Amino acid sequence: MAHAATTIGDPVSSAPPVAYDKLEEIFADIRGHVLYDHELHGCLNCGICTATCPSAQYYDYSPREIVQLLWTENLEGIYDAMQEKIWACAQCYTCAARCPFENSPGGLVMIMREVAIKHGMQSAKDVLRPFSRVLLKVISTGNQLAPNMITRDAFPDWGPDVSKVDAPLNILRKAIPVPTLHTMDTAWVVNLRTSVELYTIWEETGVLDQLETVDENLFDVVSDVMDEKREEYAEWLEEQEAEDA
Ligand code: SF4
Ligand code: SF4
């Protein structure tokens, strides 16, 4: 296209300009998402979505603006919104329930986030970095919050109710009539086979590729954890076969 050599950029910013080809590539990925036509049908610019959006009350963020940028194919504006604004959405979908056009601004934001991750945008890396420990915990144990993580020190913002976590959880957990909950190190026990199946799903759906794009170090650690679990599972299967023989 005639735009090929064109770039955009803030003349008073030291940030590198973005080639128009890149903007088109990013929009093509958004437009080509399997859910895009389901989430956007037009836009009256009525602002009902923004009026009901909780994030719009607290941040410089407007779902109406996001939808308008997409509907009018404002490539520079879309790229600009992906630097910060899209990360303000709480994904509550109040907007989707209110829009007279049956758009889902929250769903469109979700698509833009996926594309931001795919393109390794710095905004995606910055937003996701604090969740590295959570991701590692989920991938290595199958669940996120373990009972032994619930301490006064870890949750000082819980206010006066934090005293309730002083209960003898290790004893209370053993009273639950579900054996997989008799643990303090994880929320529940996830067996090896389930873990290995989850890894396959993450690989096949591209989740691990996305992780590699935004955090290569975490990807390496996760890959090691996956290899270990797969080896463990293979050994367990061999033992079972030997016992059955
Ligand atoms: S409520 Fe729907 S039609 Fe109105 S501005 Fe928001 S997205 Fe557009
Ligand atoms: S899903 Fe996002 S854009 Fe929609 S109302 Fe909730 S916070 Fe606002």
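Every number in this text was worked out from the coordinates using simple rules, so none of it is lab data. All values derive from a computational prediction rather than experimental measurement. Heads up, the Cβs are rebuilt from the backbone with ideal geometry, glycines too, and the neighbour counts pull from every protein chain shown.
Take Glu84 and tell me if it is within 11 Å of ligand 1 (Cβ to nearest atom), within 19 Å of the chain's Cα centre (by Cα) and under 18 Å from Gly106 (Cβ atoms). Break it down into steps so the answer makes sense when it comes.
Numbers: within 11 Å of ligand 1 (Cβ to nearest atom): no; within 19 Å of the chain's Cα centre (by Cα): yes; under 18 Å from Gly106 (Cβ atoms): yes.
Taking the combined requirement at face value, the residue does not satisfy it.
Could you look through the stretch 39-59, keep only residues that are within 14 Å of ligand 1 (Cβ to nearest atom) and part of a helix (DSSP H, G or I), and pick out the one that is surrounded by the most Cβ atoms within 10 Å (Cβ to Cβ)?
Restricting attention to the stretch 39-59, the residues satisfying the condition of being within 14 Å of ligand 1 (Cβ to nearest atom) are 39-53, 55-56.
Those left that are additionally part of a helix (DSSP H, G or I): 39, 48-52, 55-56.
Details: Glu39: 21, Ile48: 15, Cys49: 27, Thr50: 20, Ala51: 15, Thr52: 16, Ser55: 22, Ala56: 20.
Of everything passing the filter in the stretch 39-59, Cys49 is surrounded by the most Cβ atoms within 10 Å (Cβ to Cβ).
Within the set of pairs 6 or more residues apart or between chains, which connect a residue that is on the phi < 0 side of the Ramachandran plot inside the stretch 77-90 to a residue that is basic (Lys, Arg) with Cβ atoms less than 6 Å apart?
Here the result reads Ile86/Arg113, each pair linking the stretch 77-90 to a residue that is basic (Lys, Arg).
Among the listed residues Pro177, Pro100, which satisfies the condition of being exposed (fewer than 15 other Cβ atoms within 10 Å of the Cβ), within 16 Å of ligand 1 (Cβ to nearest atom) and outside any helix (DSSP H, G or I)?
Values: Pro177 fails: within 16 Å of ligand 1 (Cβ to nearest atom).
Residue meeting the stated conditions: Pro100.
With the structure loaded, tell me whether Arg113 is outside any loop (DSSP other than H, G, I, E, B) and farther than 30 Å from His33 by Cα or whether it fails that test. First the steps, then the outcome.
Working: outside any loop (DSSP other than H, G, I, E, B): yes; farther than 30 Å from His33 by Cα: no.
No, not satisfied.
Pick out the one residue from Ser104, Ser123 that is closer than 16 Å to Val34 by Cα and hydroxyl-bearing (Ser, Thr, Tyr). Can you show your working first?
On the way: Ser123 fails: closer than 16 Å to Val34 by Cα.
Residue meeting the stated conditions: Ser104.
Mind checking which residues of the stretch 116-130 are surrounded by 15 or more Cβ atoms within 10 Å (Cβ to Cβ) and assigned to a helix (DSSP H, G or I)?
Result: Ala116, Ile117, Lys118, Ser123, Ala124, Val127, Leu128.
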